[in-house]
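The values are calculated or read from the model by the stated rules, or taken from the named source; none is laboratory data. Since this is a predicted model, take the numbers as computed values, not measurements. Heads up, the Cβs are rebuilt from the backbone with ideal geometry, glycines too, and the neighbour counts pull from every protein chain shown.
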Amino acid sequence: MSAPAIRVRDVGLRFLIRSHSAPPTVHSGLVRFAKKRPPPREFWALRHVTFDVPRGSVLGIIGSNGSGKSTLLRVLARIYAPDEGELKIRGKISSLITLGAGFQANLSGLENIYYNGLLLGLTRAQVEQKRDSIVEFADLGEFIDAPVRTYSSGMRARLGFSVAVHVDPEILVVDEVLVVGDARFRQRCADKMRELIGRGTTVAMVQHNMDAILTMCNQAMWLDKGSVKEIGRPYDTVKNYLEAQGLPMVDLPSELTRTPDAGVS
């Protein structure tokens, strides 16, 4: 078998948190100056995380708020470097984690297409070749020539997603992209994601939409307090997660069902 596109072994990421006190006064400031400050507290946002994502497969990441899902995506996108463990990414990666991240607020939407395309490893000639497709998908009309600082969050979502999926990534890392924007845009995002998946793009995505996990993913991983609680077939993992939350199992549209064992190791 070929090596997985993403390999994560015993990865951990920590943050140092300093305690906050009441607003300072002159007296308290003098007291603190005389006293030794307490050391920062360690907080492990991720710990002992291990999994593989085979080439061409789709991993859905679920979990409650604060479980480390978005932090893990930032590690996969190399925004954060892990403090322990091993991470291997094999292939050209594109990420859409924070909508509008990497945009230059005073540049126009069109100028940001060039700016972000170059950041993602394209040449200017390649950006020129893809520009019209990116503009058409974003569907911003005349606002494509307006500064991004004037955009709404939905407009930033359109532009960010359009750039991310048109750079022909081998690996795509996305955070909740299917729940932003209006219904029409969400459907276009879902259709584009399925197109990329059909072409063999490896995908790791965070989702609170269980239908998307069930219909688009080969495997699902449940994160809890920064560690892997369960990883396996989407239906089983989603069922166990929802039961733990005291929630009913969602219906699975049969016409969108993926092969149950595809890509699960």
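Data table
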{"quantity": "Hits in segment 119-161 (condition: touching a residue at least 40 places away in the same chain (Cβ under 8 Å) and of a type in the set (Ser, Thr, Tyr))", "calculated": "Tyr151, Ser153"}
{"quantity": "Residues of segment 173-195 satisfying the condition of being among the hydrophobic types (A, V, I, L, M, F, W, C) and either modelled with pLDDT under 70 or on the phi > 0 side of the Ramachandran plot (or both)", "calculated": "Val177, Leu178, Val179, Val180"}
{"quantity": "Where Val173 falls short, out of the listed (1) closer than 21 Å to Ile79 by Cβ; (2) touching a Pro at 6+ places or on another chain (Cβ under 8 Å); (3) of a type outside the set (Phe, Trp, Tyr)", "calculated": "(2)"}
{"quantity": "Pairs where the first residue, in segment 206-225, is surrounded by fewer than 22 Cβ atoms within 10 Å (Cβ to Cβ) and the second is basic (Lys, Arg) and assigned to a loop (DSSP other than H, G, I, E, B), C-beta under 8 Å, 6+ apart", "calculated": "Thr215/Arg258; Met216/Arg258"}
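Table: residues versus (1) in a strand (DSSP E or B); (2) within 23 Å of Ala190 (Cβ to Cβ).
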position	(1), (2)
Leu59	yes, yes
Ser64	no, no
Met155	no, yes
Gly160	no, yes
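Conditions (1) modelled with pLDDT of 90 or more; (2) of a type in the set (A, V, I, L, M); (3) assigned to a strand (DSSP E or B), marked per residue:
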{"site": "Leu214", "(1), (2), (3)": "yes, yes, no"}
{"site": "Trp222", "(1), (2), (3)": "yes, no, yes"}
{"site": "Val228", "(1), (2), (3)": "yes, yes, yes"}
{"site": "Ser265", "(1), (2), (3)": "no, no, no"}
